[in-house]
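Asks: Shown below is the structure under consideration.
The values are calculated or read from the model by the stated rules, or taken from the named source; none is laboratory data. Keep in mind that what you see is a predicted model, and the values were worked out from it rather than measured. Note that each Cβ is placed from the backbone with ideal geometry, even for glycine, and that neighbours are counted across all protein chains shown.
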Amino acid sequence: MLVYTATLSSRLKLIARNTRQLSNLLASVPQAPQDLEFQLNEEFQNDTRKRKIDLFSGIATDSSNEVILFTVIQKARQMLAKRDNNPPNDLSYLPDRVTTDLKIGIIGLIFKDSCPNYGPALLLKKRVVIEPTDGVTGALATAAKLLTLSSLSNTVWIPEPSPPNTANVFEINGFTNIKYYPYAKNGEITTKEWLETIRQGSDGSLQCILLNGCCDSASGIDPTREEWHEIIQTVYDLNMVPIIDMSYQGLKSGNPSSDALVIRTCLNASKFKEWRNGIFICHSFKYTMGLWGDDVGSLTIVLPKEVAGKTKEITARMKDIGRYLHPLPPTQSSRLVSLILSDPTLKRAWYSNLKNRVESNITMKRRLFHCLHWIDLLETEHRHNMTYTPGFSEQQLENLKRKYSIYAGIHGELQLNSFSRFRTICEAFEDVTAKNIKK
């Protein structure tokens with residue numbers, strides 16, 4: 001009995017000591033970087049004023065703050081309910097055929113619709129692999145983990161400005177050296193400074209670079225066709241690994257195929273013979289189909305010639321990473337996207353929805369100009385039609401929130417499809433910027 005008591009006592013002491021060590025360990029966990037986007041969203045949610053206005057999330061709402069669905073989503077829901085007896089609240093596992101159809105649909109969008117001159121040959125040579133992901137964040141995370149696990153690179157360049165979560169995704173998934181290139185400053189794109197920065201930062205090691213291939217959301221500015229050619233040529237000459245974010249494909253012109261300039265340029269074999277470490281393409285349908293709360297995306301990799309025979313191994317590794325990062329793909333949105341991309345009638349309806357959305361945003365910019373006379377609203381060479389960044393100061397952004405419950409993005413960007421109460425917004429802008437509205 002005494003032996004048993006002594007043994008129990010020693011075990012309890014050991015448990016107590018381990019508990020103290022665990023407490024010390026948890027106490028030493030470093031403070032996570034502040035995520036300003038989450039903080040902004042939390043501030044908006046906690047604002048109890050009924051007339052608050054969200055200009056930062058990109059969610060299209062009416063004057064009552066009700067979410068406006070794409071009509072193609074409504075049609076697809078009805079078709080799914082009839083065809084598969086699949087109610088919108090079905091929480092069962094995603095069938096393999098849906099995942100397969102989703103992959104086929106996305107590959108068709110990228111390599112057939114968007115790149116008809118170069119894409120089909122890559123598919124024929126089996127140089128393309130794809131894995132569905134939980135939106136573009138899942139795609140970026142999968143790409144980052146694959147690159148670092150393969151010991152290809154631990155350095156990535158990301159644009160400044162960028163959403164706060166971008167650097168976190170790469171850091172958490174193994175990148176130890178995160179660099180920034182100056183994408184835009186004071187409402188102007190800084191291509192020359194950008195390219196000079198990455199040239200000077202090239203040290204002979206393999207480096208990755210994140211390119212926002214369509215509608216940069218943080219700045220509201222895109223490079224011109226000529227600038228993109230120079231950018232991609234520089235990335236190619238420096239032997240960098242391009243990671244292309246195509247989350248907003250279709251929201252620049254209203255036509256997803258037309259908006260794939262960056263992908264078409266990279267795949268132009270007559271100009272860029274071989275990307276020796278592949279091309280990583282990240283997709284999302286969050287904004288382009290209005291799937292804000294149930295986003296689905298994909299990571300697609302264009303393989304170099306010498307590893308074209310390794311598609312099974314690379315796909316298996318992508319699946320393995322995907323199971324770790326996002327074990328179950330979004331069920332309802334996967335069904336919807338798969339159906340829309342595979343059904344010609346629904347696909348045309350989707351293109352029509354995107355065209356209407358872009359035309360509506362263009363009209364909104366014109367209305368803003370007639371009210372506020374901000375000349376850069378008419379600039380079309382660099383400014384795209386999804387986001388507008390007027391250059392508000394921090395104090396002006398704070399005044400918009402405090403006086404009017406109007407919330408712009410963390411960089412002062414405004415999502416043009418969110419202007420449901422136009423006159424209220426214009427009067428607020430006039431007040432905080434001391435500019436006159438045309439009555």
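Asks: Restricting to the stretch 242-264, what's the tally of residues that are surrounded by fewer than 24 Cβ atoms within 10 Å (Cβ to Cβ) and among the acidic types (Asp, Glu)?
Replies: Matching residues across the stretch 242-264 total 0.
Asks: Can you tell me which residues in the stretch 137-166 are at pLDDT 90 or above and more than 16 Å from residue 209 (Cα to Cα)?
Replies: Within the stretch 137-166, just 138 meets the criteria.
Asks: Right, something else. Taking residue 307, is it assigned by TED's automatic domain parsing to the domain that holds residue 109 and of a type in the set (A, V, I, L, M)?
Replies: Considered against the rule, which asks whether it is assigned by TED's automatic domain parsing to the domain that holds residue 109 and of a type in the set (A, V, I, L, M), residue 307 comes out as yes.
Asks: Confirm whether residue 90 is acidic (Asp, Glu), part of a helix (DSSP H, G or I) and either modelled with pLDDT of 95 or more or over 20 Å from the mean Cα position of the chain (by Cα) (or both).
Replies: It is false that residue 90 is acidic (Asp, Glu), part of a helix (DSSP H, G or I) and either modelled with pLDDT of 95 or more or over 20 Å from the mean Cα position of the chain (by Cα) (or both).
Asks: Right, another one. Tally up the residues in the stretch 241-296 that are acidic (Asp, Glu) and either more than 19 Å from the chain's Cα centre (by Cα) or within 11 Å of residue 212 (Cα to Cα) (or both), please.
Replies: Number satisfying all stated conditions: 2.
Asks: Separate question: Going through the stretch 373-389 one residue at a time, which ones are crowded, with 19+ Cβ neighbours inside 10 Å and out of contact with any strand residue (DSSP E or B) (no Cβ under 8 Å at 6 or more places or on another chain)?
Replies: 385
Asks: With 43, 37 as the choices, which residue is surrounded by 10 or more Cβ atoms within 10 Å (Cβ to Cβ), over 30 Å from residue 250 (Cα atoms) and either modelled with pLDDT under 70 or not hydroxyl-bearing (Ser, Thr, Tyr) (or both)?
Replies: 43
Asks: Moving on. Being within 16 Å of residue 287 (Cα to Cα) and either modelled with pLDDT of 95 or more or not assigned by TED's automatic domain parsing to the domain that holds residue 99 (or both) narrows it down to one residue among 350, 374; which is it?
Replies: When all the criteria are applied, what remains is 350.
Asks: Being at pLDDT 90 or above and charged (D, E, K, R) is the requirement here; does residue 310 meet it?
Replies: no
Asks: So, restricting to helices (runs of 4 or more DSSP H) that lie completely within the stretch 121-235, which ones have at least 2 residues that are hydroxyl-bearing (Ser, Thr, Tyr) and in contact with a helix residue (DSSP H, G or I) (Cβ under 7 Å, 6 or more places away or on another chain)?
Replies: Hits in the stretch 121-235: 135-149.
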